Each structure stands twice: as C-alpha cells, then as structure tokens.
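Throughout, read-outs are computed from the coordinates displayed, never taken from laboratory work. Because the structure is a prediction, the values reported are computed rather than measured. Note that we place each Cβ from the backbone using ideal geometry, even for glycine, and neighbour counts take in every protein chain shown.
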Amino acid sequence: MSLTLAQSLLIKNAINADPVLNAFPNTGDGVYAIARLLEKDAVPVFTVWKSGVPIGSIRKAFNSSEMGGLTTANTNRLMALAHYLLDGVNPSQASNRAFFDDIFSGAGGTLTRASLAVLWKRPATYIEKILASSAIGTDAAPATLLYEGGITHDEVYIARNLP
C-alpha cells in the first residue's frame, strides 16, 4: 500500500521529532534502520482497535454459561452473524462492538463482554501509531488504525526527503 503525501509528511515530522530516529543518517543503511524501528511495537504501549477478528476467535471469547442465558432472539442474531460474516468482524467500527455488547447486555454477559473488550484491541507498531486516528491510544480509549502494516526503506527515504 502506497503512502499518501499527508502520511509521508506525518512520518517525516515524527522522525524529525524523535532524537533516536533523527540521528540516523539519510543513507541506505540509515533509512533501512529507521524502517525496521518503525515496525516495532510502540513504547509505551499504544492501543488500537483491531481491524479484523475471525469468527472462531470471537466464539472462544464467549463464556459458555452466559451463552446458555441468551434469549432465542439473541442466539439467532449470533447465528446470522456467524453465517454472513465468514471473514470475521471489524471491531474498529463502534456499531460492531455495540452489537456484541447488546447481545451480552446485563449481568448475564459480564464475562463475555470483558473477554471481547480484550479481544478487540492490540498494541500498535510505531508506524501505526504515527498514522493512527488519535494520539490517545490507551486501553480505555484505543485509537483507530488508518494504516496497518509495515513500511519500506524507500518510503522512509521519500518521507525524509520531503521539503
């Protein structure tokens, strides 16, 4: 995935603001080293919503005794979801998280809601943090990923050499 000019500028500014990254020379070895560091987990931890969770992982988060307490309507909603969303669920969308919170609402869904809340999140890499939707990124207020994945040394070189 190619970076936009706006994303490249954010990366340039982040590199310039970071004394460790900015100390690397603007050479092949330097930009390669920066790219590798940008792909490591952000420190301190920066929490983001996952962009995809497989249905099988979601099922494992359900508490079996709480499943037994679901109404027929909520059981049918879960079965329909599993049938139509074979690729999984995108928990970065608030409506998707609300769907599960609604199904497991009340005291009979406390354990499942807590398990799903953990499942929906992950730590971001430094590059993902730079390009995320928010600067907060806490467990209580995760950021949304606007870019997911790694960065090449060519992309770092381009970003560093922007005017």
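Just a few scattered comments:
- Over the range 54-119: Rg over Rh, Cα atoms, Kirkwood Rh: 0.91
- Residue-wise HN-Hα coupling along the range 82-96, computed from phi with Karplus coefficients 6.51, -1.76, 1.60 (Hz; x: Gly, Pro): 5, 6, 8, 10, 4, 7, x, 10, 9, x, 6, 8, 4, 5, 5
- If you count Lys pairs in the chain whose Cα atoms are under 16 Å apart, skipping same-chain pairs closer than 8 places in sequence, the total is 6.
- Residue of G109, G28, G150 that the Gaussian network model of the chain assigns the largest fluctuation, springs spanning Cα pairs under 10 Å: G28
- Entry note, the chain: relative contact order of 41 percent, from Cα contacts under 8 Å with a spacing of 6+ residues.
- Net charge of neighbours whose Cβ lies under 11 Å from the Cβ of F24, counting Lys and Arg as +1 and Asp and Glu as -1: 0
- Between 0 and 90 degrees, the angle of helix 5-17 with respect to the longest Cα principal axis of the chain falls at about 70 degrees.
- Computed from Cα positions, the angle between helix 28-38 and the longest principal axis of the chain comes to roughly 20 degrees.
- If only the Cβ of Lys and Arg carry +1 and only the Cβ of Asp and Glu carry -1, the dipole of the chain around its Cα centre is close to 260 debye.
- Correct option for Rg and Dmax of the Cα atoms in Å [calculated from the coordinates] among (1) 19.8, 63; (2) 17.8, 65; (3) 14.1, 40: (1)
- Considering only Y84, Y147, Y32, the mean-square fluctuation computed in a Gaussian network model of the chain, springs between alpha carbons under 10 angstrom, is largest for Y84.
- The value of relative contact order for the range 54-119, using C-alpha pairs under 8 Å at least six residues apart, is 53 percent.
- Lys/Arg +1, Asp/Glu -1 at C-beta; the chain dipole; positive extreme among I158, I103, P25: I103
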